[in-house]
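Below is one structure; the comments refer to it alone.
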Amino acid sequence: MTPFALDHPAVQAYLQRLDAATAHLPADERIEIAEGIRSHLITALGEASSEADVRTVLDALGEPEEIVGTPPPAPAQAPAAPVWVPPTPRAATSGRGALEIAAVIFLLLGAIIVPFVGWFIGVVLLWCSKTWTTGQKWLGTLVLPGGLAIVPALVMLTPLIAETCTTTDSNGVTLTQCSGGLPTWVTIAVALLCVGAPIATSIYLLRAAGRAPAPARR
Amino acid sequence: MTAGTTQLRRGVLEFCVLALLAKEDRYGFDIARTLGAVQPIAVSEGTVYPLLSRLRKDGAVNTSWQESDAGPPRKYYSITPVGRRVLADFTDEWARFRDAVDVVLQGDIP
């Protein structure tokens with residue numbers, strides 16, 4: 001038989017500290033941990049043959065406060081999360097919910113469906129969501145106002161910025177004079193920007209919302 | 001040991017427990033000693049007990065009492081289908097995570 005058991009003073013002191021360290025846990029978890037450690041100690045002390053061995057066993061177990069301390073993050077333990085996850089302003093938000101998806105759709109396409117008003121609804125939804133930061137909301141508002149409706153608007157403006165040419169015919173010499181207009185590459189760049197920027201912003205906002213904390217999974 | 005590596009050890013410990021149990025059922029002391037001896041994962045042996053309790057609550061492991069040749073009966077832990085799925089997901093995730101960290105650590109970011 002072993003000369004060492006749970007009634008050793010150092011072991012008793014250890015178990016008392018463990019009891020204090022687990023005080024904040026649910027009763028069943030607390031009992032289960034104590035039971036595991038006690039059973040561990042019975043086995044480990046069975047191999048101990050000196051006072052030093054007893055200390056070594058306790059050292060190998062670790063400080064009770066350290067053992068119980070911060071639980072490791074586990075994918076399958078959402079209910080325990082509030083105990084140790086530092087609360088952040090976003091913790092209670094819904095991530096990419098119906099509101100966020102509706103906001104992005106209205107920002108991008110709203111003005112095409114209902115001129116002006118559609119896009120404006122998108123802006124209101126955008127600013128109502130708690131998922132995005134203020135910076136992201138400004139981005140959604142300013143890039144680009146009207147969303148993709150800016151494309152038909154641009155088409156209507158085309159005559160104003162297009163090149164105008166006049167041809168005069170005097171004494172058999174044909175003169176062609178052109179004025180205004182932008183180089184072709186500028187026109188193409190502006191067009192790409194007007195289509196690409198709102199789409200890029202929408203993708204960015206949806207991704208940002210997707211990364212934001214979701215509501216409790218269970 | 002820095003606070004960062006302590007967190008890292010704690011973070012992977014539950015998957016190491018699941019990986020041990022995926023091979024065979026084990027009792028608490030056995031799990032604690034085995035993982036306590038693997039350098040540099042080695043955490044304090046006691047750390048596995050709160051972990052086992054949570055894994056059981058989450059349905060990743062089951063427990064059963066079995067007679068022991070020496071001393072009182074032992075509580076054996078076995079992995080459940082849920083635990084196997086968690087382990088498989090992590091194994092996958094870990095490989096990609098490790099590779100990504102390696103790339104960053106080696107300064108190979110394009």
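The values are calculated or read from the model by the stated rules, or taken from the named source; none is laboratory data. Fair warning: this is a prediction, and the values are worked out from it, not measured in the lab. All Cβ positions, glycine included, derive from the backbone under ideal geometry; neighbour counts span all protein chains shown. In case anyone asks, the SASA skips ligands and DNA or RNA and just uses the protein heavy atoms, side chains included. Shrake-Rupley method; radii C 1.70, N 1.55, O 1.52, S 1.80 Å.
Ordered by 1.4 Å accessible area with all protein chains kept, A:Cys194, A:Cys128 run largest first as A:Cys128, A:Cys194. Within 10 Å of the Cβ of each residue in A:59-67, the mean number of Cβ atoms contributed by other protein chains is 5. Between A and B, buried accessible area from a 1.4 angstrom probe totals roughly 2400 Å², ignoring ligands, DNA and RNA. In summary, the lysines within cross-link reach of B:Lys75, defined as a Cα separation below 30 angstrom excluding same-chain residues under 8 places away, comprise B:Lys23, B:Lys57. Neighbouring Cβ atoms from other chains, within 10 Å of the Cβ of residues in A:28-37, number 5 on average. When only Cα pairs below 8 angstrom with a gap of at least 6 residues are kept, chain B shows a relative contact order of 25 percent. Ignoring GluC sites (Glu not before Pro) that are buried or in helix or strand per DSSP, and keeping those with at most 11 other beta carbon atoms within 10 Å, what is the longest stretch of chain B between them? Within chain B, the longest run free of exposed GluC sites (Glu not before Pro) spans B:68-110.
Taking every alpha-carbon pair in the stretch B:12-77 and binning the separations at 5 Å intervals from zero gives 4, 17, 31, 25, 16, 7, 1 percent. Residue-normalised convex hull volume from the C-alpha trace of chain B: 118 Å³ per residue. Per-residue mean of foreign Cβ neighbours for B:14-23 is 1 (Cβ atoms of other chains, 10 Å radius). Here A:Lys137 is the anchor, and the aspartates and glutamates within straight C-alpha reach of less than 16 Å, apart from those fewer than 8 places off in the same chain, are A:Glu100.
Could you give the angle, 0 to 90 degrees to the nearest 10, between helix B:48-57's Cα long axis and the longest principal axis of the Cα atoms of chain B? It is inclined by approximately 80 degrees.
Separation of the stretch A:1-59 and the stretch B:16-67, taken as the distance between their Cα centroids, equals 17 angstrom.
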